[in-house]
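Below is one structure, written out as structure tokens; comments come after it.
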Amino acid sequence: VTADRSPTTLDPDDWEALAAVGHRALDDAMELLEGVAEGPVWRVPPAEVQRALTAPVPRTGTSLEAVYDDVRRLILANPHGNIHPRFWGWVNGTGTPVGVLGDMLAAAVNPNVGGGNTVPALVEQQVIDWMKALMGFPPGASGLLGTGGSMANFIGIASGVYAKAEVDLRDAGIAGAPRRMMVYASSQVHSSVDRAVRLLGLGAQSLRRIPVDEEFRIDTAALRLAIEEDRSAGRHPAVIVGTAGTVNTGAFDDVEGLADLATVEDLWLHVDGAFGAMARLAPEVRALTTGVDRADSLAFDLHKWLYVPYDAGCVLVRDPDAHRLPFDVTPPYLAPLTGGISAGTWFSNYGIELSRGFRALKVWMSLRVHGTDAYAAAIAANVAQARYLAERIAAQADLELLAPVPLNIVCFRYRPSGLSDEAADPLNRGLLIRLQEEGTALPSHTLVHGRFAIRVAITNHRSRYPDFDLLVERVIQLGREIASSERSTVAS
Ligand SMILES: Cc1ncc(COP(=O)(O)O)c(C=O)c1O
């Protein structure tokens, strides 16, 4: 039979041959995940790989088999980090094998979930409804899946600014606001909030950073005073951003107190719960999240502590009309008809993007396969591991814990007695680089009270207790080696 094929199609001549490579790829992917603990956490990308990745744009094709060999050699063979049990950098989730299948199938079905009456849009709506239920939001709230916490923070804060403005910002713009609109957050707020404020045209002068207490929680009394002060100076207090789980140390603002203040002062309360909001799933730490269900908008990530493969974040907004205010634009070619494919939900009116991928599928499949109990157990295990690590650090004379550990983040440093703060900073920087480059374990870093900290953030369902023992032992060994080599350099 002669196939009637357009000469320009990108479909294969031989579907079976393509599927054979696909089966190999799937086997290799699962083998990679199953054996990931045996290799290093990370390696500097080898020079040979860097060279290969500067090849010019290919004018003619190469066989899939040859390209797949390159994928194995260049990508699969080179550890990049966060799928490994000893990766604890930034707040990167681990991903799951089920999520791999979800993303593969999402690519095959390939819908544009910008909107319309399609099953993928219903899947996303169900995932959003599940998220509302988990976070204690009312069924009538709106929501959107997006790339991550940064986008979710932007959408929540934009909705708040537009909802609280004294003019219609869609028409007048920020320049038309009679008073400078003010956004409040703690000094520990995530940088994506700075970016959101900047992108909204408010400028850094509109973001007031409120001091924190010794546990890195916002000082609510100082916030109240700042709001009063701004009002009397002719500014317009508009949005409070509370944090449920700060990126540096995992601290929780008193969100209940913030919700009370926002109600009394008529401000919008946005909560950044990028990873911390998921603590609601685990009875052991759920109390920390008290009040997040009272937020006007809530941002959180699914690629962090729901362990879904990158990328997936979520924003929920209590009032759908407020949610749509900054985003709702319907040109004639997108206007829904009373029937047909256009008659469904248009997610594009709830965020910046019109075209959107089917990231809901990996979340939907993962939640169905594992159930929320499994997530609750994995989250509780990560919290217990953080406490275990903090205890081990506290028991070591040469290690120093730098911040309280309310959740899953541990900040510490190598500091034997007699080592000054000034000397500890460069020593720990060097130590962390060595630890990362040898591939033993991968914490990242931050500053705590201005001091360099090795920072372990555990959103990893593959980590086990011996992984943390290894970290403690290796940090001490490396610290001693570096300190003694520095001593001998000074002596010689
Ligand atoms: C508290 C907090 N907010 C926001 C973000 C940004 O999230 P994303 O990296 O998914 O954009 C992070 C990332 O670590 C975070 O920890």
Go through region 107-153 residue by residue and tally those that are more than 16 Å from the ligand (Cβ to nearest atom), closer than 19 Å to residue 324 by Cβ and part of a helix (DSSP H, G or I). 6
Being part of a loop (DSSP other than H, G, I, E, B), at pLDDT 95 or above and in contact with a helix residue (DSSP H, G or I) (Cβ under 8 Å, 6 or more places away or on another chain) is the requirement here; does residue 300 meet it? no
May I ask you to list the residues in region 22-51 that are open to solvent by less than 80 Å² (accessible area, probe 1.4 Å), within 24 Å of residue 438 (Cβ to Cβ) and either of a type in the set (Lys, Arg) or not in a loop (DSSP other than H, G, I, E, B) (or both)? 32, 33, 36, 37, 42, 47, 49
For region 294-303, indicate whether the set of residues that are within 17 Å of the chain's Cα centre (by Cα), open to solvent by less than 10 Å² (accessible area, probe 1.4 Å) and away from the ligand (no atom under 13 Å from the Cβ) is non-empty. yes
When every residue in region 310-345 that is hydroxyl-bearing (Ser, Thr, Tyr) and part of a loop (DSSP other than H, G, I, E, B) is compared, the one farthest from the ligand (Cβ to nearest atom) is 338
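So, in region 85-101, of the ones that are part of a loop (DSSP other than H, G, I, E, B) and within 13 Å of the ligand (Cβ to nearest atom), which residue ends up most open to solvent (accessible area, probe 1.4 Å)? Steps first, please.
Of all residues in region 85-101, those part of a loop (DSSP other than H, G, I, E, B) come to 85-86, 89-96.
After this cut, where a residue has to be within 13 Å of the ligand (Cβ to nearest atom) as well, the list is 89-93.
Details: 89: 1, 90: 150, 91: 9, 92: 42, 93: 1 Å².
The selected residue is 90.
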Does any residue in region 223-236 that is closer than 13 Å to residue 258 by Cβ come within less than 7 Å, Cβ to Cβ, of a residue that is open to solvent by less than 90 Å² (accessible area, probe 1.4 Å) and not in a strand (DSSP E or B) six or more places away or on a different chain, and which pairs are these? 223/261; 224/261; 227/265
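Just to verify a result, which residue in region 399-413, among those that are of a type outside the set (D, E, K, R) and in a strand (DSSP E or B), is nearest to residue 479 (Cα to Cα)? First the steps, then the outcome.
Pass one, region 399-413, residues of a type outside the set (D, E, K, R): 399, 401-412.
Still in the list and also in a strand (DSSP E or B): 399, 401, 409-412.
Working: 399: 9, 401: 15, 409: 21, 410: 18, 411: 16, 412: 13 Å.
In this case the residue turns out to be 399.
When the residues of region 264-289 are narrowed to those that are among the β-branched types (Val, Ile, Thr) and more than 22 Å from residue 378 (Cβ to Cβ), which ends up surrounded by the most Cβ atoms within 10 Å (Cβ to Cβ)?
First, the residues of region 264-289 that are among the β-branched types (Val, Ile, Thr): 264, 271, 285, 289.
This time we only want the ones that are more than 22 Å from residue 378 (Cβ to Cβ), so: 264, 271.
Numbers: 264: 10, 271: 33.
Of everything passing the filter in region 264-289, 271 is surrounded by the most Cβ atoms within 10 Å (Cβ to Cβ).
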Hey, any hits in region 191-204 for a residue that's at pLDDT 95 or above, surrounded by 19 or more Cβ atoms within 10 Å (Cβ to Cβ) and more than 15 Å from the ligand (Cβ to nearest atom)? yes
Would you say residue 290 is touching a helix residue (DSSP H, G or I) at 6+ places or on another chain (Cβ under 9 Å), β-branched (Val, Ile, Thr) and free of Cβ contacts under 8 Å to residues at least 40 places away in the same chain? yes
Can you pull out the residues in region 52-75 that are among the small types (Gly, Ala, Ser) and loosely packed, with under 12 Cβ neighbours inside 10 Å? 55, 61, 63, 66
Can you tell me which residue is nearest to the chain's Cα centre (by Cα) among those in region 217-246 that are under 15 Å from residue 207 (Cβ atoms) and within 16 Å of the ligand (Cβ to nearest atom)? 243
Would you be able to say whether some residue in region 384-398 is of a type in the set (Gly, Ala, Ser), out of contact with any Leu (no Cβ under 9 Å at 6 or more places or on another chain) and assigned to a helix (DSSP H, G or I)? yes
Are there any pairs, at least 6 apart or on different chains, whose C-beta atoms fall under 6 Å, with the first in region 432-458 and outside any loop (DSSP other than H, G, I, E, B) and the second among the aromatic types (Phe, Trp, Tyr) and modelled with pLDDT of 95 or more, and if so, which? 442/42; 442/87; 443/88; 444/90; 454/412; 456/88; 457/88
Among 220, 249, which is out of contact with any His (no Cβ under 8 Å at 6 or more places or on another chain), open to solvent by 10 Å² or more (accessible area, probe 1.4 Å) and in contact (Cβ under 8 Å) with a residue 24 or more places away in the chain? 220
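The values are calculated or read from the model by the stated rules, or taken from the named source; none is laboratory data. Everything numeric in this text was worked out from a predicted model, so none of it was measured. So basically every Cβ, Gly included, is an ideal-geometry build from the backbone, and we count neighbours across all protein chains shown. Calculation scope for accessible area: heavy atoms of the full protein, side chains included, ligands and nucleic acids excluded. Shrake-Rupley method; radii C 1.70, N 1.55, O 1.52, S 1.80 Å.
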